[in-house]
Amino acid sequence: MFARFRKTSRPQRAGERHPDIRHPNIFQAAAAYVTACAEDDQEALDEAAGWVSPEALSFGVRELACRAVVALAREQGRSPRAVTEELMGLPAS
């Protein structure tokens with residue numbers, strides 16, 4: 001899955017994009033990063049972390065977490081707070 005995002009061995013100049021290489025956006029990077037974390041795949045985690053800036057990755061992971069919690073809450077007919085507390089192992093408030 002991650003192979004399509006790998007860079008070629010040819011050095012590129014700043015700002016140059018190779019036409020055969022897809023450059024992932026922050027949401028693709030976040031999805032790959034979280035997936036690698038869930039699968040305990042350090043190599044894929046490191047690779048995904050290099051696709052975008054740390055700030056962009058953080059934003060993407062935050063957005064993914066919010067969307068996942070909302071989807072789970074809707075699916076379970078519960079509040080997002082209840083879902084997050086359960087996921088994090090926190091006592092219900």
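Answer with yes or no whether ALA32 is modelled with pLDDT of 95 or more, touching an Asp or Glu at 6+ places or on another chain (Cβ under 9 Å) and surrounded by 11 or more Cβ atoms within 10 Å (Cβ to Cβ).
yes
For every residue, the table says whether it meets (1) open to solvent by 50 Å² or more (accessible area, probe 1.4 Å); (2) among the β-branched types (Val, Ile, Thr); (3) in contact with a strand residue (DSSP E or B) (Cβ under 9 Å, 6 or more places away or on another chain); (4) touching a residue at least 24 places away in the same chain (Cβ under 8 Å).
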site: ASN25; (1), (2), (3), (4): yes, no, no, yes
site: ASP40; (1), (2), (3), (4): yes, no, no, no
site: LEU45; (1), (2), (3), (4): no, no, no, no
site: VAL52; (1), (2), (3), (4): no, yes, no, yes
site: VAL61; (1), (2), (3), (4): no, yes, no, yes
site: LEU72; (1), (2), (3), (4): yes, no, no, no
site: SER79; (1), (2), (3), (4): yes, no, no, no
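Which residue is farthest from PHE27 (Cα to Cα), if the candidates are limited to the stretch 81-91 and must be without any contact (Cβ under 8 Å) to a residue 12 or more places away in the chain, aliphatic (A, V, I, L, M) and part of a helix (DSSP H, G or I)? Show your work before the answer.
Pass one, the stretch 81-91, residues without any contact (Cβ under 8 Å) to a residue 12 or more places away in the chain: 82, 85-86, 88-91.
With the extra rule that they be aliphatic (A, V, I, L, M), the set shrinks to 82, 88, 90.
Those left that are additionally part of a helix (DSSP H, G or I): 82, 88.
Values: ALA82: 25, MET88: 23 Å.
So, considering only residues that are without any contact (Cβ under 8 Å) to a residue 12 or more places away in the chain, aliphatic (A, V, I, L, M) and part of a helix (DSSP H, G or I), the one farthest from PHE27 (Cα to Cα) is ALA82.
The values are calculated or read from the model by the stated rules, or taken from the named source; none is laboratory data. Keep in mind it's a predicted model, so treat the numbers as computed, not measured. In this analysis, Cβ positions are derived from the backbone assuming ideal geometry, glycine residues included, and neighbour counts consider all displayed protein chains. SASA here: full protein model, heavy atoms, side chains in, ligands and nucleic acids out. Shrake-Rupley method; radii C 1.70, N 1.55, O 1.52, S 1.80 Å.
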